[in-house]
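Following: one structure in structure tokens, then a few remarks.
The values are calculated or read from the model by the stated rules, or taken from the named source; none is laboratory data. Only a predicted model underlies this, so the values are computations on that prediction, with no experimental measurement involved. As a convention, Cβ positions derive from the backbone with ideal geometry for all residues, glycine included, and neighbour counts pool all protein chains shown.
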Amino acid sequence: MENEFVYIPTDKTVQSIQFLQTIADETNNTLDDVKTALNVKSIDPDSKEDILFLNENSTPLKITLFDPNSQTQYTKSLLFEPYRLYLVWEDGTPLYSTDTVNDIIWNIDTKKKYFAKPTRMEFRIIVGRGCNFRCKYCDQMDGNYTWKDLDTSEKNLEKLLYQLYSISKDKEQIDFVFWGGEPMLYWDTIVTLTNKIQCIFKEKKVRLGIITNGSLFTEENTDFIIKNDITVTISHDGPGQGMRSNDPFKDPESMRLIHKLCDQLENSFCLNPVFSKENYSHKKVNEYFYTIFHKYVRLGELSPVQVVGDKIYDQKIPEDQLLVYAKETYQYLLEVLSNGANSGYQQTFEGVCKFIYNVFSDYFVEYDHGCPATNENIYTVDLNGDLFTCQSFTTKESDHCYGNIYKDSSTFKPVAPKTYKNRIECVNCPVLYFCRGGCPHYDGPYREYNCKAYFCKWLPFLSLAITILTNGLLVNSIEGNYLRKL
């Protein structure tokens, strides 16, 4: 019964059968009597057609706002349809563009016109699976994984790159990101790949990147990274670093080299903290990094721990603290916005600005999946040519290995099994634009917690966008019929 749903046409809401059963019990009626009285439509939660029907026929959400500068309890409300990204004042007045919003729209339009992105393909190359850390929430450490040997010979690496070239030859820009395990353990392989990429892809625009824990920098590899303009993303949790095995920021020699990379690479240097039970405060993370680097450093995805197994469950943000996490994040983002300086949140504000831009777009653009790994132009591949749905799950024995790059290219990208289009909990969800259904390949026992955690990650981003759109009004509440509530 808990997985059965109905659509009630009188108020355009989706409800569970359990909800109707409660009404029946309270009114001394049968469930069938209640269904008949409300003229309900049965909903199959696994049917894309039914989910599309709900998205297109649900009552708009009501976003209540207040003016922080008003001496009275002045409030105003917006009606919001997440699926269509449609916002209007409750009295029907259109949401007019402010000067700030006009600037955002103009900037994005200008970039689209004069700095249009070339056709692009990205290869996430697994250079090895070993790691010198044992992070408590690592996806790859939860379970019995077999680290199979990869062929690192020069001949094999060259063969792989020529195969990647044949797949991407019609693209203007090719991005290569080196992943592990800890990729810096395989530095010789990275050097060989980098040199051969520059030769084989010499007529292409090439960008290189590496995701690392930051503990294995030397003078030699640091100079090589700078010379070849390799984007560096260091996974570090700031005050929550205790969840990881070591802290390179406490090693003077490591920090000297990390400072060198930060100064030389500038915007090609990024820090990517994960929020866990050890710390889920944006403010504490950003202030911690400011103390270390004496400036604000560009921050990455800023995501909470995603639980995919029993060992990781205990490392998550406590469920009773998720709303606190969301509220404090919104307050801090408002503080960052008011300061107007380079605060490390460029990536966050880019996403918020794109939301604002799309609100005023002339046509609806269908959302893509929640994870870029499902994009048809992004491949996760190891040195043996095995293809994976995600860089976090890269063992051939797992369900995430779906083929080999040397075989028929028509079988390369599997269809994502789960998206917002067939998740009933995504219907009318206020953060649909940002989340887009979450991980399309995980639907396990911790799906409900992960959904709540990412709802609380994205809610402050939506709230910040609304504040900008309404020229400073603050979000007080979001009311309406959507299933994933705290």
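How many residues are surrounded by fewer than 16 Cβ atoms within 10 Å (Cβ to Cβ), without any contact (Cβ under 8 Å) to a residue 24 or more places away in the chain and not in a loop (DSSP other than H, G, I, E, B) if we restrict to the range 32-75?
Of the residues in that region, 5 qualify.
In the range 242-249, is there at least one residue being over 25 Å from the mean Cα position of the chain (by Cα), crowded, with 18+ Cβ neighbours inside 10 Å, at negative phi and not in a helix (DSSP H, G or I)?
No - not one qualifying residue is present in the range 242-249.
Could you go through the range 221-237 and let me know if any residue there is of a type in the set (Gly, Ala, Ser) and at positive phi.
no
What is the one condition in (1) modelled with pLDDT of 95 or more; (2) part of a loop (DSSP other than H, G, I, E, B) that Trp147 does not satisfy?
(1)
Considering each of Gly309, Gly340 in turn, give the residue that is over 19 Å from the mean Cα position of the chain (by Cα) and free of Cβ contacts under 8 Å to residues at least 60 places away in the same chain.
Of the residues listed, the single one that is over 19 Å from the mean Cα position of the chain (by Cα) and free of Cβ contacts under 8 Å to residues at least 60 places away in the same chain is Gly340.
Examine the range 430-447 for a residue that is hydroxyl-bearing (Ser, Thr, Tyr), modelled with pLDDT of 85 or more and part of a loop (DSSP other than H, G, I, E, B), and state whether such a residue exists.
Of all residues in the range 430-447, those hydroxyl-bearing (Ser, Thr, Tyr) come to 433, 442, 446.
After this cut, where a residue has to be modelled with pLDDT of 85 or more as well, the list is 433, 446.
Now narrow it down to the ones that are part of a loop (DSSP other than H, G, I, E, B): 446.
So far as the range 430-447 goes, yes, one or more of its residues are hydroxyl-bearing (Ser, Thr, Tyr), modelled with pLDDT of 85 or more and part of a loop (DSSP other than H, G, I, E, B).
With the condition kept exactly as written, say whether any residue in the range 397-405 is touching a His at 6+ places or on another chain (Cβ under 9 Å), at pLDDT 85 or above and either in a loop (DSSP other than H, G, I, E, B) or of a type in the set (Gly, Ala, Ser) (or both).
Step one: filter the range 397-405 for residues touching a His at 6+ places or on another chain (Cβ under 9 Å), giving 399-400.
Narrowing further to those that are at pLDDT 85 or above: none.
Within the range 397-405, none of the residues are touching a His at 6+ places or on another chain (Cβ under 9 Å), at pLDDT 85 or above and either in a loop (DSSP other than H, G, I, E, B) or of a type in the set (Gly, Ala, Ser) (or both).
Looking at Lys227, Lys202, which one is more than 21 Å from Gln163 (Cβ to Cβ), free of Cβ contacts under 8 Å to residues at least 24 places away in the same chain and of a type outside the set (Asp, Glu)? Outline the logic, then answer.
Working: Lys202 fails: more than 21 Å from Gln163 (Cβ to Cβ).
Testing whether each residue is more than 21 Å from Gln163 (Cβ to Cβ), free of Cβ contacts under 8 Å to residues at least 24 places away in the same chain and of a type outside the set (Asp, Glu) leaves just Lys227.
Would you mention how many residues in the range 276-287 are surrounded by fewer than 21 Cβ atoms within 10 Å (Cβ to Cβ) and either in contact with a Gly (Cβ under 7 Å, 6 or more places away or on another chain) or assigned to a helix (DSSP H, G or I) (or both)? Walk me through how you get there before you give the answer.
Filtering the range 276-287 for residues surrounded by fewer than 21 Cβ atoms within 10 Å (Cβ to Cβ) gives 277-279, 281, 283-284, 287.
Now drop any that are not either in contact with a Gly (Cβ under 7 Å, 6 or more places away or on another chain) or assigned to a helix (DSSP H, G or I) (or both), which leaves 278-279, 283-284, 287.
Within the range 276-287, residues that are surrounded by fewer than 21 Cβ atoms within 10 Å (Cβ to Cβ) and either in contact with a Gly (Cβ under 7 Å, 6 or more places away or on another chain) or assigned to a helix (DSSP H, G or I) (or both) number 5.
Test Ile104 against the stated conditions and say whether it is in a helix (DSSP H, G or I), within 26 Å of Arg436 (Cα to Cα), modelled with pLDDT under 85 and hydrophobic (A, V, I, L, M, F, W, C). Break it down stepwise before answering.
Details: in a helix (DSSP H, G or I): yes; within 26 Å of Arg436 (Cα to Cα): yes; modelled with pLDDT under 85: yes; hydrophobic (A, V, I, L, M, F, W, C): yes.
So Ile104 fits the description; yes.
Would you check which residues across the range 435-453 are surrounded by 22 or more Cβ atoms within 10 Å (Cβ to Cβ) and either in contact with a helix residue (DSSP H, G or I) (Cβ under 6 Å, 6 or more places away or on another chain) or within 9 Å of Val307 (Cβ to Cβ) (or both) and list them?
Cys435, Gly437, Gly438, Pro440, Ala453
I'd like to know if the range 263-270 contains one or more residues that are assigned to a helix (DSSP H, G or I), on the phi > 0 side of the Ramachandran plot and either among the hydrophobic types (A, V, I, L, M, F, W, C) or out of contact with any strand residue (DSSP E or B) (no Cβ under 8 Å at 6 or more places or on another chain) (or both). Outline the logic, then answer.
Going through the range 263-270, the residues assigned to a helix (DSSP H, G or I) turn out to be 263-268.
Filter once more, keeping what is on the phi > 0 side of the Ramachandran plot: 266.
Keeping just the survivors that are either among the hydrophobic types (A, V, I, L, M, F, W, C) or out of contact with any strand residue (DSSP E or B) (no Cβ under 8 Å at 6 or more places or on another chain) (or both) gives 266.
Checked against the condition, which is being assigned to a helix (DSSP H, G or I), on the phi > 0 side of the Ramachandran plot and either among the hydrophobic types (A, V, I, L, M, F, W, C) or out of contact with any strand residue (DSSP E or B) (no Cβ under 8 Å at 6 or more places or on another chain) (or both), the range 263-270 yields at least one hit.
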